[in-house]
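The structure appears below as structure tokens.
Taken together, the values in this text are just the output of simple stated rules run on the coordinates, not laboratory data. Fair warning: this is a prediction, and the values are worked out from it, not measured in the lab. We place every Cβ from the backbone using ideal geometry, glycine too, and count neighbours over all the protein chains shown.
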Amino acid sequence: MTFAATVITLYPEMFPGPLGVSLAGRALERGDWNLQTVQLRDFATDRHRTVDDTPAGGGAGMVLKADVLAAAVDSVGSDRPVLAMTPRGRPLDQARVRSLAAGPGVAILCGRFEGFDERLFEARPHIEQVSLGDIVLSGGEPAALALLDACIRLLPGVMGAPLSGAEESFEDGLLEYPQFTRPQEWEGRTIPEVLRSGDHAKIAAWRKARSEHDTRLRRPDLWERHSGARVQPASGARHETKETDQ
Ligand code: SAH
């Protein structure tokens, strides 16, 4: 099955961009995924092809018009999830990426300027608002590229070793353990002894311990969720939130 990506944007020339090289680029050539861009401006109705207007209530910048946005979104249909990139959205996580990658594809609406007229989301409730994190980009395109990259690497046959996706950061709610490679000694620093022992059980235990330790220190938010989920596996509340959020 081909993962179908559609990107609605004022800058279609940004695509496939970085997704045209390396792993994603080869997958695109093979047809593991395909990409269609939709020029938002094509849905403007006046002769100046206007897509934006000044913010109601005043303030800096311009806001993308609801009628233009809705016409563009309607043109791609609703056979796949439709995502709008916005810092006001739900932060993207690996669970959502995994569920998107397992589906037929995704349509992504990229904002610019000050963003979208909010009535778009009221009138088209199937649009899912997604954030790349607590940062502000100049446009939704880099966020769309990141989201697509995360999905594409999970498509069947895209990553060399099928198992290399399973142990990664976030897959079990934890950060991955640190990695090392040859040479065994570099600038006087050696690779942890256990990783050179060949004892697979010991190595697995060391990795698990480091994974937990580093998550606790670096990402107390993840650690709290992880340990909470383990302590109360049957209580339901946390688990249900996670399931329905996907
Ligand atoms: N005024 C808006 C930011 C607009 S930034 C606000 O403060 O919420 C312009 C566009 O860049 C947005 O419409 C969105 O499509 C994109 N963008 C910026 N930051 C983003 C983020 N963290 N995640 C996803 N998209 C983002």
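Per-structure values
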item: The stretch 131-232 - convex hull of alpha carbons, volume per residue in Å³; result: 180 Å³
item: Label point distance in nm, Val21-Thr45, each placed 7 Å from Cα along Cα→Cβ; result: 4.3 nm
item: Karplus-derived 3J(HN,Hα), 6.51/-1.76/1.60, for each residue of the stretch 87-100, Hz, glycine and proline x; result: x, 7, x, 6, x, 5, 9, 5, 5, 5, 4, 4, 5, 5
item: Packing-based order for 136-142, 4-10, 57-63, 189-195, using average beta carbon neighbours within 10 Å, highest first; result: 4-10, 136-142, 189-195, 57-63
item: Alpha-carbon gyration tensor eigenvalues x 5, square-rooted, for the stretch 38-85, Å; result: 22, 14, 7
item: Angle in degrees between helix 200-218 and the longest Cα principal axis of the chain, rounded to the nearest 10; result: 50 degrees
item: In degrees, nearest ten, helix 66-76 long axis to first principal axis of the chain (Cα); result: 60 degrees
item: Among Pro192, Ser22, Gly61 - extreme Cα towards positive end, dipole of the chain, charges at beta-carbon; result: Pro192
item: Relative contact order (%) - criterion: Cα under 8 Å, at least six apart; region: the chain; result: 18 percent
item: Under the Karplus curve 6.51 cos²θ - 1.76 cosθ + 1.60, θ = phi - 60°, whole-Hz ³J(HN,Hα) for the stretch 30-39, x wherever Gly or Pro sits; result: 6, x, 5, 9, 10, 9, 10, 10, 10, 7
item: Difference of contour (0.36 nm per residue) and Cα-Cα distance, Asp79 to Glu118; result: 11.8 nm
item: Cα-Cα pairs of the stretch 172-227 separated by more than 20 Å (percent); result: 35 percent
item: Amide hydrogen neighbours beyond the local backbone of Val106, cut-off 5 Å, H modeled; result: Ala4, Ala5, Thr6
item: Surrounding net charge for Ser131, when Lys and Arg each add one and Asp and Glu each subtract one, Cβ distance under 12 Å; result: 0
item: Approximate shape of the chain as ellipsoid semi-axes (Cα gyration tensor, √5λ), whole Å, largest first; result: 39, 22, 18
